[in-house]
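These notes concern the structure reproduced below.
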Amino acid sequence: MTAAALSLRGLGKDYGARTAVGAIDLDVVRGECLGLLGPNGAGKTTTISMASGVVTPTRGTVAIGGVELARDPRGAKQKLGLVPQELAIYEELSALQNLAYFGALYGLAGKTLADRIAWALGVVGLRDRAGEQVKRYSGGMKRRINLAAGLLHEPELLILDEPTVGVDPQSRNHIFETVRDLNARGMTVIYTTHYMEEVEALCDRVAIVDAGAIVATGTVAELIAAHAGKGVELELAGEPAAIDRAAAAAAAHGTVARDGGTLRVVPAGGLAPVIAAVEEAGAAIARIQSRQASLESAFLALTGKTLRDAP
Ligand SMILES: Nc1ncnc2c1ncn2[C@@H]1O[C@H](COP(=O)(O)OP(=O)(O)OP(=O)(O)O)[C@@H](O)[C@H]1O
Ligand SMILES: [Mg+2]
């Protein structure tokens, strides 16, 4: 069996008395795109930072492609490209100069370095602006250079921490398509984001992080099936008292959330007993609509929180 692209065992970090990450176990399969979803402060960046050797863990181990980070930091880090949440580029330098600097950090030089820079610039679509100072770039272009810097050494594993936050739609789309393409060509990807639709479109598997722990992993479909509960929406007509009675009666046959004359029901068994109970209570059903279970509702059920609103 080949080693996992990334293997975390009991990985945790304390900052003084605060535990940022408890003890995370995670295996990332080679070639997959794993989405990392969690509310603000869940511990995503801390986990990624420990996995890439930027932050020293309080406990646990990290292995990248079978190479233990603590034993062989250089060998392990060669396999990994990190695109951090905070921009890690120098504003006064041009994109070319930035990439030359980061390439040298990875031990690249000469023609290899020049070729890799040209390739990475092409991947992020910034070849024609490469000579300009980065401070003249738009926010989206800066994020694309940030991505290019993480790609220079053609890592086996690419970790992106919210690469599309605060980015114009064109750059956002470009970054998203770039990552999808790299993954399709075999690069393993860990993708942290607050955008559910990006996870749904991109990721083979999702790990949901909350309060420093992984609370669930699975495909989007598995998470929805296990945690989101498929529901129906019933729009009721009738006397307010009848609607009150209907809501109470329906609650005997499932989970009910009421919004005025509308009931959102996740039936415990079938839908038939719910409808019968509502009608027996004297309310009429004006409309029935099935409600699509979503990753968002699974996330809510698991964490009790919503994701940060898109800026
Ligand atoms: N250098 C630090 N010193 C002290 N506490 C820290 C430090 N870095 C992170 N923390 C704390 O650790 C917890 C996890 O933070 P982290 O940045 O990993 O969350 P996150 O899931 O990436 O959140 P976001 O979605 O906002 O980026 C938070 O409570 C945070 O305040
Ligand atoms: Mg973060």
Karplus ³J(HN,Hα) for segment 14-24 (6.51 cos²θ - 1.76 cosθ + 1.60, θ = phi - 60°; Hz, whole; x = Gly/Pro) runs 10, 10, x, 7, 8, 8, 7, 9, x, 7, 9
Per DSSP, loop GluC sites (Glu not before Pro) in segment 39-98 with at most 16 further Cβ within 10 Å
E86, E91, E92
Just to confirm the filter: which chymotrypsin sites (Phe, Trp or Tyr not before Pro) across segment 72-107 are DSSP coil and have at most 16 other Cβ within 10 angstrom of their Cβ?
Y90
List the relative contact order of the chain as a percent without decimals, with contacts defined as Cα pairs under 8 Å and 6+ residues apart.
19
How far is the Cα center of segment 74-149 from the Cα center of segment 273-301, in Å?
51
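What value, in deg cm²/dmol to 500, does the helix sum -39500 (n - 2.57) over DSSP H runs of n ≥ 4 give at 222 nm once divided by the residues of the chain?
Details: 11 runs with 113 residues, N = 311.
Roughly -11000 deg cm²/dmol at 222 nm, from the helical runs in the chain.
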Can you put M187, M50 in order, fewest other beta carbons within 10 Å first?
M187, M50
Under the 7 Å Cα-to-Cβ spin-label approximation, A284 and E92 lie apart by a distance in nanometres of 7.6
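Read-outs throughout are calculated quantities, based only on the coordinates presented, and are distinct from any laboratory measurement. Being a predicted model, the structure only gives us computed values, none of them experimental. Note that we place each Cβ from the backbone using ideal geometry, even for glycine, and neighbour counts take in every protein chain shown.
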